[in-house]
Amino acid sequence: MQAIGLIETRGLTPALEALDAMCKAANVQMVDFKRVGSGLVTVIVEGNVAAVSAAVEAGIAAYKQAGGELIASNVIARPHPELAQMLQAD
């Protein structure tokens, strides 16, 4: 895993919209889709660092255009192997 990108939103529909934009904007794959609780949803994608960065920016833009509440976003380059295992376990 070269990089992971995360976007946390409030609401399922806006999270799906962000994920759709992320996957269309760059060569990334969805790793997981987590419902955190209290309406929070986190989408996680993986790919090379440039693609993940572009995907996260596209997801943020799509989400903001929809008028949703973005909670957090992050790109982690070269994640530790144990972090990658944790994200893929479930």
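The values are calculated or read from the model by the stated rules, or taken from the named source; none is laboratory data. In this text, all values refer to a predicted model and were calculated from it rather than measured experimentally. Positions of Cβ are generated from backbone atoms using ideal geometry, with glycine treated the same way; all protein chains shown enter the neighbour counts.
Annotations for the structure displayed:
- None of 71, 60 is part of a helix (DSSP H, G or I) and in contact (Cβ under 8 Å) with a residue 12 or more places away in the chain except 60.
- Check on residue 59, surrounded by 13 or more Cβ atoms within 10 Å (Cβ to Cβ), at pLDDT 90 or above and touching a strand residue (DSSP E or B) at 6+ places or on another chain (Cβ under 6 Å): yes
- Scanning the stretch 26-54 for residues that are touching a helix residue (DSSP H, G or I) at 6+ places or on another chain (Cβ under 7 Å), surrounded by 18 or more Cβ atoms within 10 Å (Cβ to Cβ) and not in a strand (DSSP E or B) gives 26, 28, 54.
- Per this entry, residue 87 is not counted among residues that are within 12 Å of residue 1 (Cα to Cα) and either loosely packed, with under 15 Cβ neighbours inside 10 Å or free of Cβ contacts under 8 Å to residues at least 24 places away in the same chain (or both).
- Taken over the stretch 1-18, the criterion of being at pLDDT 95 or above and out of contact with any Ser or Thr (no Cβ under 8 Å at 6 or more places or on another chain) is satisfied by 4 alone.
- Residues in the stretch 1-25 that are assigned to a strand (DSSP E or B) and aliphatic (A, V, I, L, M) were compared, and the one that is nearest to residue 67 (Cα to Cα) is 7.
- Scanning the stretch 1-25 for residues that are in contact with a Gly (Cβ under 7 Å, 6 or more places away or on another chain) and surrounded by fewer than 17 Cβ atoms within 10 Å (Cβ to Cβ) turns up 2, 10, 11.
- For the stretch 74-84, the tally of residues that are in a strand (DSSP E or B) and surrounded by 15 or more Cβ atoms within 10 Å (Cβ to Cβ) stands at 2.
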